[in-house]
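Each remark here refers to the structure printed beneath this line.
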Amino acid sequence: MLQERRDSNTSKFQVSEFILMGFPGIHGWQHWLSLPLALLYLLALSANILILIIINKEAALHQPMYYFLGILAVVDMGLATTIMPKILAILWFNAKTISLPECFAQMYAIHCCVAMESGIFVCMAIDRYVAICRPLRYPSIITESFVFKATVFMALRNSLCPISVPVLAAQRHYCSRNQIEHCLCSNLGVTSLSCDDWKINSINQLLLGWALMGSDLGLIILSYALILHSVLKLNSTEAASKALSTCSSHLILILFFYTAVIVISITHSAGMRVPLIPALLNVLHNVIPPSLNPIVYALKNKELRQGLYKVIRMGIKRN
């Protein structure tokens, strides 16, 4: 009788906050990770801000492709900022507690930014497809109006669809456990702490991933398959090489982004046995692409490099 009463009291109790434990298995020395993570975060912010300055200053870069790159820079900074300040607070100040509303808000922001980045990659793939396969129609198809409409559509799609993730997570009952073996509020990491059935959260996560990321990846593969088919038909080796070089930086970023997503999905099934690997990959996936994207574009894109040199020379002259 007494045991039943204790179980009843426990089931009615709702925790008011979660505790983010950090990286599982290395709590004793995880603070050493703060330096490389902080440097990656600073690199992501500074490099993407520099990209925005270059695009704004250089009139030659006021083109749809660079507008999409500028939007990607903003999304990248948002993605890194959704998690890094809290992670650094955990590692530096041991500020592990996070309220339920803050946790669900972070969960939503992560899903929005990742989906938005995937959507921008689709827009950039379409831009490259039209530029290479339909070059004469490019000025009439890929206009500033197209950039605006595509961005608004992606913003609406990627802000409305992930709403189900925090809503369903908030409907779970968290009655006993509140320690998250992670340094961010991942959907399945949080809902696995609930006392009731959370299969609906897992199913929703899977369907959302296939609906958004799967469809985006399918469109990107189709775009580049058509580009490759068009390039192979070119008689000029120089023209084919030039066409492929314009896509190389985009392909590098896409391969890294989606490979990381796939690896995280696969390693999540092994999370109970090797919890550190999916946790670390999850964090790195949110901070490495924002750091890597502007560097890859700056190295591979001639116009962007020239704009960078001009901005640097202007800064030197002012000093």
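The values are calculated or read from the model by the stated rules, or taken from the named source; none is laboratory data. The shown structure was predicted, so the numbers you read here are calculated from the model rather than taken from an experiment. No Cβ is skipped: glycine too gets one built from the backbone with ideal geometry, and neighbour counts run over all protein chains shown. These area figures cover heavy atoms from the full protein model, side chains too; ligands, DNA and RNA do not enter into them. Shrake-Rupley method; radii C 1.70, N 1.55, O 1.52, S 1.80 Å.
Details
- Odd one out for residue 62, checked against (1) within 16 Å of residue 38 (Cα to Cα); (2) without any contact (Cβ under 8 Å) to a residue 12 or more places away in the chain: (1)
- Helices (runs of 4 or more DSSP H) lying entirely in the stretch 104-171 (those with 1 or more residues that are within 17 Å of the chain's Cα centre (by Cα) and modelled with pLDDT of 95 or more): 144-160, 164-171
- Qualifying residue in the stretch 215-222 (condition: free of Cβ contacts under 8 Å to residues at least 12 places away in the same chain, in contact with a helix residue (DSSP H, G or I) (Cβ under 7 Å, 6 or more places away or on another chain) and surrounded by fewer than 19 Cβ atoms within 10 Å (Cβ to Cβ)): no
- Among the residues of the stretch 172-212, just one is open to solvent by less than 40 Å² (accessible area, probe 1.4 Å) and more than 26 Å from residue 280 (Cβ to Cβ), namely 175.
- Qualifying positions in the stretch 247-263 - buried (at least 17 other Cβ atoms within 10 Å of the Cβ) and either of a type in the set (Ser, Thr, Tyr) or modelled with pLDDT under 75 (or both): 249, 258
- Those residues of the stretch 289-319 which are β-branched (Val, Ile, Thr) and open to solvent by 100 Å² or more (accessible area, probe 1.4 Å), in sequence order: 316
- The set of residues from the stretch 15-35 being open to solvent by 60 Å² or more (accessible area, probe 1.4 Å) and of a type outside the set (A, V, I, L, M, F, W, C) comprises 16, 17, 25, 27, 28, 31.
- Any hit, the stretch 130-137, residues being basic (Lys, Arg), loosely packed, with under 14 Cβ neighbours inside 10 Å, closer than 27 Å to residue 207 by Cα and without any contact (Cβ under 8 Å) to a residue 24 or more places away in the chain: no
- Residues satisfying the stated conditions in the stretch 223-266, i.e. out of contact with any Gly (no Cβ under 9 Å at 6 or more places or on another chain), in a helix (DSSP H, G or I) and hydroxyl-bearing (Ser, Thr, Tyr): 223, 224, 230, 237, 241, 245, 246, 248, 249, 258, 259
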